[in-house]
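Data first, discussion second: the structure below is written as structure tokens.
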Amino acid sequence: MGETPVYTDNEILEKAREVAKMISLTKEVDFYKRAEAQIKMNDNVQNLIASLKAKQKQLVMFESMNKTDLVVKVQKEFDELQDQLDSIPIVSEFKQSQSDVNDLLQLVTNVITTTVSERIILDTGGTPLSGETGSPKVASAHNDETGCGC
């Protein structure tokens, strides 16, 4: 096995910052920023968001007072407002852009996790297909040719 370079936490964090900067410059993040700006400038969207927040506060208050009939009424109003908000194209585009950015972040996380796991397996002489490292195993007292371990 060859000499493997050893990196410090600071070196790894610096690379992570580089990757974060790269992600912040993707088309997904750019679209997210533009959609967010449009939402902030849209009076109709802002009014609906304010109404939703007010209904949410009412729901919490009525739930704490055990006013079930009012909870049902306000929940219906809340759902109608949410449907109105969701029917606005820029809102649905914004939600999709949030999902796209989160998917990209999850993909990066999965690639890092998978790559580190594979490197550990390979660097210890293991087999990636089996997912086992090459580290020695504890011998079983009942290990025999059948492989049953009993």
**Study point:** Candidates I112, I120, filtered to the one that is more than 24 Å from I23 (Cα to Cα), modelled with pLDDT of 80 or more, surrounded by 11 or more Cβ atoms within 10 Å (Cβ to Cβ) and of a type in the set (V, I, T)
**Key:** I120
Review point. Is it the case that E14 is among the charged types (D, E, K, R), touching a residue at least 24 places away in the same chain (Cβ under 8 Å) and out of contact with any Phe, Trp or Tyr (no Cβ under 9 Å at 6 or more places or on another chain)?
Key: no
Practice item. Give the residue, chosen from K33, K57, K21, that is surrounded by 10 or more Cβ atoms within 10 Å (Cβ to Cβ), at pLDDT 95 or above and under 24 Å from the mean Cα position of the chain (by Cα). Key: K33
Practice item. Confirm whether I88 is surrounded by 15 or more Cβ atoms within 10 Å (Cβ to Cβ) and among the hydrophobic types (A, V, I, L, M, F, W, C). Key: yes
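The values are calculated or read from the model by the stated rules, or taken from the named source; none is laboratory data. Model, not experiment: these values are computed from the prediction. Note that we place each Cβ from the backbone using ideal geometry, even for glycine, and neighbour counts take in every protein chain shown.
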